[in-house]
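This report refers to the structure that appears directly beneath it.
The values are calculated or read from the model by the stated rules, or taken from the named source; none is laboratory data. Owing to the predicted nature of the structure, the values given are computational and were not obtained by experimental measurement. Heads up, the Cβs are rebuilt from the backbone with ideal geometry, glycines too, and the neighbour counts pull from every protein chain shown.
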Amino acid sequence: MAQRAAVKTTFEVSRTIQPIYVGGSVALSRNGRILATCLGEDALLTDLATGTELGRIEGNRTEKFSLRYV
């Protein structure tokens with residue numbers, strides 16, 4: 001009979017990436033490394049491996065937009 005794996009019941013935060021998301025569209029690059037999120041009216045690009053903010057794209061303050069990697 002196979003042994004059962006122990007179930008983890010507690011979790012500790014290893015790191016936090018902020019700011020990251022406050023509502024709106026979210027897109028992940030194909031390699032899973034860059035996350036694009038809406039932060040207020042701006043788009044925020046974050047490197048998930050390092051937690052570094054790669055850049056910000058300012059919104060035009062009048063229209064809503066969505067994000068998509070192609």
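Look at residue 12 and say whether it is at pLDDT 85 or above and surrounded by fewer than 11 Cβ atoms within 10 Å (Cβ to Cβ). Write out each step before concluding.
On the way: at pLDDT 85 or above: yes; surrounded by fewer than 11 Cβ atoms within 10 Å (Cβ to Cβ): yes.
It is true that residue 12 is at pLDDT 85 or above and surrounded by fewer than 11 Cβ atoms within 10 Å (Cβ to Cβ).
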Cβ-Cβ distance below 6 Å, separation of 6 or more or different chains: which pairs start in the range 40-57 with a residue that is surrounded by fewer than 11 Cβ atoms within 10 Å (Cβ to Cβ) and end on one that is not in a strand (DSSP E or B)? 49/33
Being surrounded by 10 or more Cβ atoms within 10 Å (Cβ to Cβ) and over 14 Å from residue 55 (Cα atoms) is the filter here; which residues of the range 18-32 pass it? 21, 22, 24, 25, 26, 27, 28, 29
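Specify which of the listed residues (7, 22) is at pLDDT 80 or above and part of a loop (DSSP other than H, G, I, E, B). Write out each step before concluding.
On the way: 22 fails: at pLDDT 80 or above.
Result of the check over 7, 22: 7.
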Looking at the range 25-48 only, could you name the residues that are at positive phi and at pLDDT below 85? 40
Does residue 61 satisfy the criteria of being loosely packed, with under 10 Cβ neighbours inside 10 Å, of a type in the set (D, E, K, R), in a loop (DSSP other than H, G, I, E, B) and at pLDDT below 80? yes
